[in-house]
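Structure first, then comments.
The values are calculated or read from the model by the stated rules, or taken from the named source; none is laboratory data. Bear in mind the structure is a predicted one, so any value in this text is a computation, not a measurement. Neighbour counts run over all protein chains shown; Cβ positions are idealised from the backbone, glycine included.
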Amino acid sequence: MMKYIYSILFVLFFTGCGDDNSYDGETGLIGTVSAQSANLDQLYTDVYQYDANLSLVKLSALLTDLQTLQIQQDAQTLNSAQESFKEFIRTQKRVEASFIVDEFSDEFLDTLGYMEYFHVADDGDLISELDRIFANDTALENALYKNANQSITSLEYTLFGADENTTQLLEKFDARRAQAAYLMASQVQTYTQQIVAFYNSDTSFTQDLDVTTAALINQLIDSAYKLKEWRIGEAAGFVLKYAGSVDHRRLEYYKSAFSLDAIEEILLTHQRIMQNGLSEIASGANAAAEAQAVEESIVAALTLCNSYASGLEESLELQKTQDLYNAVNLIQQNYTALISSLNFTQKIIEADGD
């Protein structure tokens, strides 16, 4: 688990360098106010609103496939639902990587945690509990009462099993299991709709350039850290807790063999955030070199992702996986340099041994 010690952001005062400029010589973002605001608006529209709305579209398509799967459980309907699940995960990773809604509304403090239980719930315990639910005749609306049982993590197991091929999975995939998948996805849809409603109606994100930029870069630092440690390092045995122990079951999406794709989508989201406003905001505050370093390190990591001949599940012991871990570490370091250059306070990430 991760614990965050949240530092109080600087109180930013502005003194005019002209009617349309804001900078106090020490803190805050330099640049033309209208230009910087336009960059923030672009980022909000082209990344935050776009990704959240697309995620809801992909989830709706998954629910449609799951309705069909409840009627007929065969290789074709199952494969269609599995592919729709993967398409939704691509968009969900975008939303997660950039998520700072909880900075503006306490209602969203636990949202991501309820939606997905990677690195939180014990995988073996969750699988055993779901198997018991699938095997008994308790009404699913009552049996799936835990948040973890209605999560993306549970939905992945329901649709893919654990290290099982399609033939093996279909032997036990009945209408009850399909109904469970539909109920899980419906609960995830509820959370997604709440996120979309916030992005489509709330204006907090664009109200204060400094507050939003600081929150965003801190989120990107956190995202890079978790990408490096949780999504690569733990499974590959690069972290102290699992030093030398390689186990693909510690990957985020080992059941669907989609872990590398998820990693790539997170990196692409970082790249799009930089290219759709954040680099321009940094450049306007005399941090162009730091922003460029971030962008270049993201490209290097994406190049490594594209070099894999197979999924990460089969490639954990390759040298390129160590290289990918190191490349993401550099991204994190470059974000730290960027936030320091902009004179914002970085949130301290403290590992608790997990």
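When region 319-350 is filtered for residues that are assigned to a helix (DSSP H, G or I) and either of a type in the set (Ser, Thr, Tyr) or modelled with pLDDT under 95 (or both), the ones remaining, listed by number, are Thr321, Tyr325, Tyr335, Thr336, Ser340, Ser341. Applying the condition of being in a loop (DSSP other than H, G, I, E, B) and among the aliphatic types (A, V, I, L, M) to region 250-273 and asking which residue is surrounded by the fewest Cβ atoms within 10 Å (Cβ to Cβ) yields Ala257. Checking the structure you have, find out if any residue of region 296-310 is of a type outside the set (Lys, Arg), in contact with a Leu (Cβ under 9 Å, 6 or more places away or on another chain), over 20 Å from Gln36 (Cβ atoms) and in contact (Cβ under 8 Å) with a residue 60 or more places away in the chain. No, there is no match, as no residue in region 296-310 is of a type outside the set (Lys, Arg), in contact with a Leu (Cβ under 9 Å, 6 or more places away or on another chain), over 20 Å from Gln36 (Cβ atoms) and in contact (Cβ under 8 Å) with a residue 60 or more places away in the chain.
If you filter region 63-90 down to residues that are closer than 18 Å to Gln189 by Cα and without any contact (Cβ under 8 Å) to a residue 60 or more places away in the chain, you find that the one that is surrounded by the most Cβ atoms within 10 Å (Cβ to Cβ) is Phe88. Number of residues in region 135-157 that are closer than 17 Å to Glu116 by Cβ and either of a type in the set (Lys, Arg) or more than 21 Å from the chain's Cα centre (by Cα) (or both) equals 2.
The test for being in contact (Cβ under 8 Å) with a residue 60 or more places away in the chain and either among the charged types (D, E, K, R) or in contact with a His (Cβ under 9 Å, 6 or more places away or on another chain) (or both) does not hold for Ile349. Here is a list: Ser201, Ser245. Which entry is without any contact (Cβ under 8 Å) to a residue 12 or more places away in the chain and either touching a Gly at 6+ places or on another chain (Cβ under 9 Å) or crowded, with 24+ Cβ neighbours inside 10 Å (or both)? After ruling out the rest, the residue left standing is Ser245.
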